[in-house]
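Scroll down for the structure; my scribbles are underneath it.
The values are calculated or read from the model by the stated rules, or taken from the named source; none is laboratory data. In this text, all values refer to a predicted model and were calculated from it rather than measured experimentally. Here the Cβ positions follow ideal geometry from the backbone for every residue, glycine too, while neighbour counts run over all protein chains shown. Keep in mind that these areas ignore ligands, DNA and RNA; they rest on the heavy atoms of the full protein, side chains included. Shrake-Rupley method; radii C 1.70, N 1.55, O 1.52, S 1.80 Å.
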Amino acid sequence: MPNTSASLRDATRSLLPQRGTLSTSPQFVVSPAWLFEHLEDPQVVIVDCRFSLADPRLGQQQYQTSHIQGSYYLDLNQDLSSPVDKHGGRHPLPNPNDIANKLAAIGVNYQKSLVVAYDDSRFAFAARLWWLLRYLGHEQVAVLDGGLAGWQKAGYSVTDVIPSPRMGMFVPQVQTEKVVDITAVKSRKDSDEVVLVDSRESDRYRGEREPIDRIAGHIPGAVNYPWQEVTDSSGYLLPEEEQRHRWEKLETAEEILVYCGSGVTACVNLLSLELAGISKGKLYAGSWSDWISYL
């Protein structure tokens, strides 16, 4: 095979199951059966993204106890976010070079490796890595349908063996058009061609409950599409047709700005938009926690 970037990307795409073998778009999701068949494939890098907002150490502890064979761990706070500041929200985006170095250290080669992300929270954290990689220009990334529970339900084993570091090469090419800041949200949210989507639970959107941030409510003009609606109660992505139906009222929008509490679970909705064939979604990375830092 010629050693060109195009042929390497094609080779990586060929790893993915063909359309029709899953209920959702194969370029964004893989099944436990598919992953099991590719556990030894050197082009596949598996990442455990488990995390608990209530106990930030829990995900790492769970990973050390049991995880999918060959998977590495990336922590929401330490790896997939940068330190909290006065503004920018509770989970600011990581420095591109910092996360690039961490990805290279687990064997991710830019635009060559296929990264498969999983968690046990209906993609709440795996989708953050999925979005981050695409934001950094790396398109070869998918989530594991059903997460770790789906893997075990399918009869596949877990291990406590931590894999050795792998040498990769990751030079990020940041896609700035995929993200917006508070200035952009303020200037564009009231446009007839723009829709602002709040991804939190409906009671948080309505301001009836706020377990994390100091102010309850939502950004004026936002509509509510709770991120949990992307999956069923067991953490499996709903079929592609249902993803399309979910967003059909927003199809004519020129731009869809998506936020949540801190720019994490909003990524589940951005995944859903892509599954629905809508590529207009942009992440308000700071989200509600950034918005209220100015109030």
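Brief remarks on what is shown
- Segment 189-238-segment 53-82 distance, computed between alpha-carbon centres (Å): 25 Å
- Set of aspartates and glutamates with alpha-carbon distance to K86 below 17 Å, sequence-local pairs under 8 removed: D181, D213, D290
- The simple Förster model, with R0 at 25 Å and r as the Cβ-Cβ distance, assigns D203 and A54 a FRET efficiency of 0.90.
- Charged side chains reduced to their Cβ positions (Lys and Arg at +1, Asp and Glu at -1) give the chain a dipole of some 420 debye around its Cα centre.
- For the chain, the solvent-accessible area with a 1.4 angstrom probe is 44 square angstrom per residue.
- Sorted from longest to shortest, the spans of the Cα atoms of segment 55-118 along the three principal axes equal 39, 31, 16 Å.
- Net charge, C49 excluded, C-beta distance under 11 Å - Lys, Arg +1, Asp, Glu -1: -3
- Accessible area of segment 112-228 belonging to carbon and sulfur atoms, whole % at 1.4 Å probe: 50 percent
- More than 16 Å apart - percent of Cα-Cα pairs taken over segment 42-81: 31 percent
- Averaging the sequence gap over all C-alpha pairs within less than 8 Å and six or more residues apart, then dividing by the number of residues, gives segment 63-181 a relative contact order of 37 percent.
- What the pair-distance distribution of segment 74-203 shows, using all Cα-Cα distances binned every 5 Å from zero, is 2, 9, 15, 19, 20, 16, 10, 6, 2, 1, 0 percent.
- Volume per residue of the C-alpha convex hull in the chain, rounded to whole Å³: 129 Å³
- Sites E139 and R214 - FRET efficiency at Förster radius 45 Å, r taken between beta-carbons, to 0.05: 0.75
- Gyration tensor (alpha-carbon) shape descriptor, segment 197-256, a/c threshold 1.5: oblate
- Cα gyration tensor shape for segment 179-295, rounded if a/c is under 1.5, else prolate or oblate: oblate
- Within the straight-line cut-off of under 29 Å between alpha carbons, the lysines reachable from K112 are K102, K178, K280, K282, sequence neighbours fewer than 8 places apart in one chain being disregarded.
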